[in-house]
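Structure first, then comments.
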């Protein structure tokens, strides 16, 4: 069994993949690795990532996994679709009192690189122009 993945390991994998790929590419972290980098968790069991352009790291993943002793999995949602998918589940999420709609929408928009929809409720507030609680 491989060691848990901490923030240092996530950064090492990203650096190693960056050295191996000759052209421009992006790595999007998915799942537990995101929580580790944000400081919400100390570690995760594997590193889920998505690459753009799709498949750019494919030939290098096995070597990096072995060299660094980490579980790496592909998958996840590209940021361009994140806002769309969030919009579809948002009404269900907002039913739970522990979910702060404003900050959740703000975080999703930051990750997706999008802006909230204008108008009532587009920014996570019941009324347009309202400030965060």
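Derivation of every value follows stated rules applied to the coordinates shown; laboratory data play no part. Quantities reported herein were computed from a predicted structural model and do not represent experimental measurements.
Can you tell me, using C-alpha contacts under 8 Å and at least 6 residues apart, the relative contact order of region 7-74 as a whole percent?
Values: 82 pairs, mean separation 23.8, N = 68.
That works out to 35 percent.
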(message) Suppose the chain between residue 41 and residue 89 were pulled fully straight at 0.36 nm per residue; how much longer would it get relative to their current alpha carbon spacing?
(response) 14.9 nm
(message) How are the alpha carbon pair distances in region 7-74 distributed across 10 Å bins from zero to the largest one, expressed in percent?
(response) 22, 58, 20, 0
